[in-house]
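J.: Before anything else, here's the structure in question.
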Amino acid sequence: MSNLSFPKGFLWGGAIAANQAEGAYLANGKGLTTVDLLPTGEKRWDIMKGNIDSLSPFEGEFYPSHEAIDFYHRYKEDIALFAEMGFKALRVSIAWARIFPNGDDKSPNEAGLQFYDDLFNELVKNGIQPVVTIAHFDVPVHLVEAYGSWRNRKLVHLFETYAKTIFKRYKDKVKYWMTFNEINMLLHLPFVGAGLAFKEGDNKKQIQYQAAHHQLVASALAVKACHEIIPNAKIGCMLAAGSTYPYTCNPEDVFEAMENDRESFFFIDIQARGEYPGYAKRFFKDHNLTIEMEQEDEALLKNHTVDYIGFSYYSSRATSTDPEVLKNITSGNVFGSIENPYLEKSEWGWTIDPKGFRLTANQLYDRYQKPLFVVENGLGAVDELTPEWTVNDDCRIDYLKKHIAQMAEAMKDGVEIIGYTSWGPIDIVSASTGEMKKRYGYIYVDKDNEGNGSLKRYKKKSFYWYKKVIETNGESL
Ligand code: BG6
């Protein structure tokens with residue numbers, strides 16, 4: 001027995017995203033989305049950064065989102081397994097192009113709306129609270145072709161229409177919402193975060209921050225609509241979090257670390273506090289960036305801030321101003337961090353830092369004084385199915401155990417946390433690499449990187465471990 005205590009009603013569960021789980025990428029009227037254009041292999045990184053030649057899938061490439069783990073057809077079986085583990089919440093995302101196949105259609109696609117009705121009914125029937133992300137790395141491809149995606153103000157109102165449509169439809173079923181998944185991803189992988197495809201000569205920074213402004217206004221409009229349509233719902237933002245450590249106590253390094261964090265806080269400062277921070281204004285000036293805003297934007301941002309801060313935490317980051325030290329960038333990190341000599345790394349080069357989780361949670365709470373929701377955390381690792389049809393994933397258990405313990409410490413520090421939905425409770429496609437081999441699940445899915453496999457589900461050792469954690473409300477840890 002541990003002395004860890006979690007409040008009654010704490011939302012234990014897991015988190016997935018439509019494009020990484022559902023498959024059925026053109027089923028029942030769904031339109032093509034940006035993620036459907038991400039193949040596995042070398043090309044993927046380039047496209048994610050916004051260098052894409054064609055907005056249709058290439059012959060001969062493998063696109064993992066097209067089938068994913070076929071959650072679209074198998075969600076009942078999967079939800080039964082989540083219920084067996086005792087999940088209180090499942091975070092899913094709605095695929096925008098299932099509801100509005102082109103993004104700017106006059107009316108929504110009823111088959112798409114019905115799919116999520118059925119999915120939410122199944123969750124509710126099993127006592128699982130749906131937690132819904134409105135946009136998780138997907139933009140209908142037509143919006144990229146016709147308007148240049150989020151660089152265009154037009155997207156703000158198309159998104160608002162989409163958000164209002166789903167709020168009205170699911171108002172009796174969904175009480176937890178989030179606007180944009182890892183909104184700060186836009187600055188790192190612009191095609192993933194905002195469907196931005198660049199042409200030669202584009203001022204990328206200018207386009208990214210203009211797109212960011214559009215997403216921030218769209219997010220505020222979604223918060224406004226959610227509060228009006230579902231008064232008893234909570235709607236949050238979502239940050240790819242992980243504090244940055246200075247490599248030394250040289251003030252130059254310390255300042256650099258702060259600047260690094262501010263690149264991400266920029267978004268949440270606006271979503272949670274309602275205005276552009278002074279450091280952002282300086283940044284725009286120093287970089288000759290001019291962000292076009294409409295007159296009403298200031299009031300919209302100010303009056304419609306989020307109810308809670310959703311965030312993902314996988315690792316901390318580290319930075320330096322010393323060019324020699326800067327050479328040691330960790331291989332797998334989307335956010336470009338240097339290696340921290342005190343910490344171990346995952347098989348994909350992601351730093352493992354449980355204490356950093358407590359630190360990050362404290363930092364977010366100190367800054368925003370709003371409830372936090374840990375909506376992603378976990379270890380991507382290679383798993384081997386044993387002859388007994390299970391996986392002995394002790395490494396994953398160890399990672400999760402240490403992180404949950406640090407989350408409990410943060411709560412003892414006074415941080416208010418609503419729930420914990422670990423990433424990929426069932427193996428799904430990796431967002432960064434497109435692999436199936438990078439697994440996070442408590443449930444193994446028989447499918448490989450090339451798309452072979454029966455798609456059968458098997459319970460890993462961690463399945464029973466997490467079940468116990470939930471059953472005992474963290475006491476068993
Ligand atoms: C987050 C995303 O960046 O990290 C998820 O919100 C993603 O979509 C997760 O899957 C883990 O990253 P990866 O690349 O290991 O799948």
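J.: Select from segment 283-332 the residues that are free of Cβ contacts under 8 Å to residues at least 60 places away in the same chain and within 16 Å of the ligand (Cβ to nearest atom) and write down the one among them that is surrounded by the most Cβ atoms within 10 Å (Cβ to Cβ).
T.: For segment 283-332, the residue satisfying everything is T330.
Each row is one residue, and each column tells you yes or no for (1) under 16 Å from the mean Cα position of the chain (by Cα); (2) more than 22 Å from Y72 (Cβ to Cβ); (3) of a type in the set (V, I, T).
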{"position": "G414", "(1), (2), (3)": "no, yes, no"}
{"position": "T421", "(1), (2), (3)": "yes, no, yes"}
{"position": "G424", "(1), (2), (3)": "yes, no, no"}
{"position": "E435", "(1), (2), (3)": "no, no, no"}
{"position": "V445", "(1), (2), (3)": "no, no, yes"}
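J.: Of the residues in segment 33-60, how many are polar (S, T, N, Q) and buried (at least 20 other Cβ atoms within 10 Å of the Cβ)?
T.: 2
J.: Let me ask another. Say we look at segment 445-456 and pick out the residues that are more than 16 Å from the ligand (Cβ to nearest atom) and touching a residue at least 24 places away in the same chain (Cβ under 8 Å); which of these is farthest from E67 (Cα to Cα)?
T.: Ranking the candidates gives D446 first.
J.: How about segment 229-340: which strands (runs of 3 or more DSSP E) wholly inside it have at least 3 residues that are farther than 30 Å from Y170 by Cβ?
T.: 244-246, 317-319
J.: Now for a different question. Just to confirm my filter: which helices (runs of 4 or more DSSP H) fall fully inside segment 91-148 and include at least 3 residues that are touching a residue at least 12 places away in the same chain (Cβ under 8 Å) and under 20 Å from the mean Cα position of the chain (by Cα)?
T.: The helices (runs of 4 or more DSSP H) meeting that bar are 96-99, 110-125.
J.: Would a scan of segment 184-202 turn up a residue that is within 16 Å of the ligand (Cβ to nearest atom), of a type outside the set (A, V, I, L, M, F, W, C) and over 19 Å from L143 (Cβ atoms)?
T.: Yes, the conditions are met somewhere in segment 184-202.
J.: Sticking with this structure for a sec: Return the only residue of E347, E384 being farther than 18 Å from P246 by Cα, assigned to a loop (DSSP other than H, G, I, E, B) and in contact (Cβ under 8 Å) with a residue 24 or more places away in the chain.
T.: Result of the check over E347, E384: E347.
J.: Pick from I397, I426: which is in contact with a helix residue (DSSP H, G or I) (Cβ under 7 Å, 6 or more places away or on another chain), in contact (Cβ under 8 Å) with a residue 60 or more places away in the chain and away from the ligand (no atom under 16 Å from the Cβ)?
T.: Among I397, I426, only I397 is in contact with a helix residue (DSSP H, G or I) (Cβ under 7 Å, 6 or more places away or on another chain), in contact (Cβ under 8 Å) with a residue 60 or more places away in the chain and away from the ligand (no atom under 16 Å from the Cβ).
Quick grid of which residues meet (1) crowded, with 24+ Cβ neighbours inside 10 Å; (2) outside any helix (DSSP H, G or I); (3) more than 16 Å from the ligand (Cβ to nearest atom); (4) touching a residue at least 60 places away in the same chain (Cβ under 8 Å):
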residue	(1), (2), (3), (4)
H403	yes, no, no, yes
Y420	yes, yes, no, yes
T433	no, yes, no, yes
Y458	no, yes, yes, yes
W465	no, no, yes, yes
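J.: Restricting attention to segment 21-35, does a residue exist that is in contact with a strand residue (DSSP E or B) (Cβ under 6 Å, 6 or more places away or on another chain), at pLDDT 95 or above, more than 30 Å from F335 (Cα to Cα) and among the charged types (D, E, K, R)?
T.: no
J.: Restricting attention to segment 405-418, report how many residues are among the hydrophobic types (A, V, I, L, M, F, W, C) and either part of a helix (DSSP H, G or I) or within 13 Å of the ligand (Cβ to nearest atom) (or both).
T.: Of the residues in that region, 5 qualify.
J.: Pick from segment 384-401 the residues that are of a type in the set (D, E, K, R) and closer than 19 Å to G14 by Cα: which of them is surrounded by the fewest Cβ atoms within 10 Å (Cβ to Cβ)?
T.: Start the filter on segment 384-401 by keeping residues that are of a type in the set (D, E, K, R), which leaves 384, 388, 393-394, 396, 398, 401.
Now restrict to residues that are closer than 19 Å to G14 by Cα: 393-394, 396, 398, 401.
Values: D393: 25, D394: 12, R396: 25, D398: 14, K401: 19.
This residue is D394.
J.: Among the residues of segment 468-477, count how many are buried (at least 18 other Cβ atoms within 10 Å of the Cβ) and either within 11 Å of the ligand (Cβ to nearest atom) or assigned to a helix (DSSP H, G or I) (or both).
T.: Residues meeting the conditions: 2.
The values are calculated or read from the model by the stated rules, or taken from the named source; none is laboratory data. Please read these numbers as outputs of a predicted model, since none were measured by experiment. Ideal geometry is used to build each Cβ from the backbone, glycine not excepted, and the neighbour counts take in all protein chains shown.
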